[in-house]
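Engineer: Have a look at this one before I ask anything.
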Amino acid sequence: MVLNWEKYSKKIKKIILIIVSILILIATSLYTYKESIIPSSVEGKNLIGWTENDNEIDLIHGETISQEIYIADGNMSRIKLCFRKKNSKKYSGNINISIYKKENNELIQSWENQIRDLPVDAISTFELKKPLKSINESYLLKIYVNEAASGSISVVYSEKNESLGLKKNETYIKGGLNLSIVAQGNDIIKKVYVCCLILLFSTLGLGIWGIIKKFKTENIFLVMVLGIGLTYILIFPTGTVPDGRTHFASTYSESSKLLGLENIDSNGNAILYEEGYSLYTHPNKSSYIDLYEDWDAPNTHTEESLKAASVIDRGLIFYLPQILGITLARILSLNAFSVMIFGRVFSLFTYAFVIRYAIKLMPFGKMVIYLTSLLPMTLELGTSYSYDSFLITLSFFTIAYNFYLIYTKEKVQIADWVVLSCLCIILSAIKIVYIFIPMMCLLINNAKCIRKKTSCIIVALAGIISVGATQLSRMLGILNGGNTIGIGSEGAVSHYTLGHIVKNPLKTLWIFYSTLEEKIDFYFSSMLGANLGWLDIQIPIVIAIGFFLLILLSAIKTEKDVLLIDSSQRVFYIAICILMFFAILTVLMLDYTQLGGKVVEGVQGRYFLPFLPIFAIGIMRNNTVVLKKSLNDFMIWSSMMLQFYVVQHIIRRIVMR
């Protein structure tokens, strides 16, 4: 028997690559655990937060600085204060910090330190001998120095801090000390991290199994997106995406309508019927502790408004998957935590199964949809309450369905035009600028159509125009300068109008050019996910570039790929992408940019995600650059590795701030 050494050597190389990759991932996980998870678990959440400020009070012998502290609920374990030494003084003498129960003046603990031992202009931590369980308790913190230390040190405070009473002796001072009261450490962050690792390594294992067994691309995608998506739900608390509070409030409001309940109060805020909702704009380790320590709390009925979150009242279609999830959870009488999770899980499952079918429909470039759908930014949106989740889902399906009709299906039925018309109507209703995505149907060969194609397109356009009428009328209203934003006593700030654009085309083009020159790098990085959350969770740009290169690589034709796209079709695809790009700039110039602004404001990279697959295929798929063999296995494995690093980096950034 003769062995095919070349065949076996390739298998051995693949096995070695997989083993080395897994070892690297394990090492990375252990590093994150040691350097981020353990330190963040030593301390619990902040019972009282910290405010940066430069005000200070000199500590003088004979004077006592006192501050009242109120703890609603928590195990107090540490007190953090900021002192500043005076460079002109010798660091001699002692400082005393004491904490008392306010109701009976009972001393709980005191700390006495030499001034020279305190850090210069930095935070000093004072640890209690054992955690102090506090429920609706008030305490009194006192600070004083001996004669030798008089005038050599000061304590930092902020006038912005709310205070139950900051005093120098018996004289009240406006504001409160810059202090942080820290709860006892717990294992919640460790448990969240372990759950993330279980999900990631399970997904990784199933992905390897799928590659070995040659599973179809769409089925491997389903495993990947569900595993990584559930991990994103764990690490991104509800409300993390831009306008997250508004999106959740709007979804909950529509759910209340379905259940026949009052949905908004007199101020336009959503009325919540379960107690314990926690929405986090800028999550940190305390967010994880708050969110997960009471995940199984019993459902408590209440009627309270969600403050600082206006409701977008545009109907069910904007948030359909999330509304269904929230409504089911409320019918089952689940608690607030479960209600929030159900909405996001329904969003993820809709995203996963619809895009899986889109990948199946794609006659070529399946990996383009696969990889674009697994970008950090698209996954963050796909697991959120943002209507961009449903928008991206339908956009990718519309792209795939059009490619299917243009290049694969022999006869285009009336039912196909009905599907396209519905997709047109929904996309234009959510955001009118994406009206150009369904226009790919113009490339369908007339010979394929059972009925006259033109009439079918007119029906689709009629649906788009009817649904988009409200948005078009709003835009046209801007022509009369009606779009202003009040700014208090200074009056109102006007924005650019259609009239300005029409009358000053050269100026408009210059503004567009200046915008691209100044912000194109931000558009690129935020589109791919280098800026997550409220654009404050930065991922290394090299990871974002890695994803982008994989997307471009996935669009390149292989030798076995017989379907051709001629030059005119490629030009058409690129043209509609350019039209959508400048349509977005135009809308944000009218909606968000103040008159006289030099660049268009308010544009984010995520706005370009719905047509990124069209752009990649239009740019890269040609008959000049051709791959000799498929690199799908390499791209699937590479995307898994990149996502693993993304999740690790997100967790480190959140728990360490």
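Engineer: Being open to solvent by 20 Å² or more (accessible area, probe 1.4 Å), in contact with a Leu (Cβ under 9 Å, 6 or more places away or on another chain) and of a type outside the set (Ser, Thr, Tyr) narrows it down to one of Glu262, Glu303, so name that one.
Structural biologist: Just one listed residue meets the conditions, Glu303.
Engineer: Just the residues that are without any contact (Cβ under 8 Å) to a residue 60 or more places away in the chain and either open to solvent by 10 Å² or more (accessible area, probe 1.4 Å) or closer than 15 Å to Leu272 by Cα (or both), please, taken from segment 315-333. Can you show your working first?
Structural biologist: We begin by selecting, within segment 315-333, every residue without any contact (Cβ under 8 Å) to a residue 60 or more places away in the chain; these are 324-325, 328-329, 332-333.
Within segment 315-333, Leu324, Leu328, Ala329, Leu332, Ser333 qualify.
Engineer: Something else about it: Residues of segment 368-395 being among the small types (Gly, Ala, Ser) and in a helix (DSSP H, G or I), which ones?
Structural biologist: Answer for segment 368-395, where residues must be among the small types (Gly, Ala, Ser) and in a helix (DSSP H, G or I): Ser373, Gly382, Ser389, Ser395.
Engineer: Another question, then. Which of (1) farther than 24 Å from Tyr193 by Cβ; (2) part of a helix (DSSP H, G or I); (3) modelled with pLDDT under 80 is the odd one out, the single condition Ser41 does not satisfy?
Structural biologist: The one condition Ser41 does not meet is (1).
Engineer: Return only the number of the condition from (1) part of a loop (DSSP other than H, G, I, E, B); (2) under 30 Å from Ile38 (Cα atoms); (3) touching a Phe, Trp or Tyr at 6+ places or on another chain (Cβ under 7 Å) that Arg657 does not satisfy.
Structural biologist: Result: Arg657 passes all but (3).
Engineer: Still on this structure, I have one more. From the set of residues in segment 158-179 that are part of a strand (DSSP E or B) and in contact with a Cys (Cβ under 9 Å, 6 or more places away or on another chain), which is modelled with the lowest pLDDT?
Structural biologist: This residue is Leu179.
Engineer: Against the conditions (1) surrounded by fewer than 15 Cβ atoms within 10 Å (Cβ to Cβ); (2) at pLDDT below 85; (3) part of a strand (DSSP E or B), where does Arg116 fall short? Just the number, please.
Structural biologist: Every listed condition holds for Arg116 apart from (3).
Engineer: In segment 557-571, what residues are crowded, with 18+ Cβ neighbours inside 10 Å and either at pLDDT 95 or above or part of a loop (DSSP other than H, G, I, E, B) (or both)? Quick ask: steps written out before the conclusion?
Structural biologist: Just the residues of segment 557-571 that are crowded, with 18+ Cβ neighbours inside 10 Å, to begin with: 557, 565.
Hit for segment 557-571 is Ile565, nothing else.
Engineer: Which condition number in (1) assigned to a helix (DSSP H, G or I); (2) within 29 Å of Lys431 (Cα to Cα) is the one that Ser286 fails?
Structural biologist: Against the list (1) assigned to a helix (DSSP H, G or I); (2) within 29 Å of Lys431 (Cα to Cα), Ser286 comes up short only on (2).
The values are calculated or read from the model by the stated rules, or taken from the named source; none is laboratory data. Source: prediction; values computed, not measured. So basically every Cβ, Gly included, is an ideal-geometry build from the backbone, and we count neighbours across all protein chains shown. Just the protein is used for accessible areas: all its heavy atoms, side chains included, with ligands, DNA and RNA removed. Shrake-Rupley method; radii C 1.70, N 1.55, O 1.52, S 1.80 Å.
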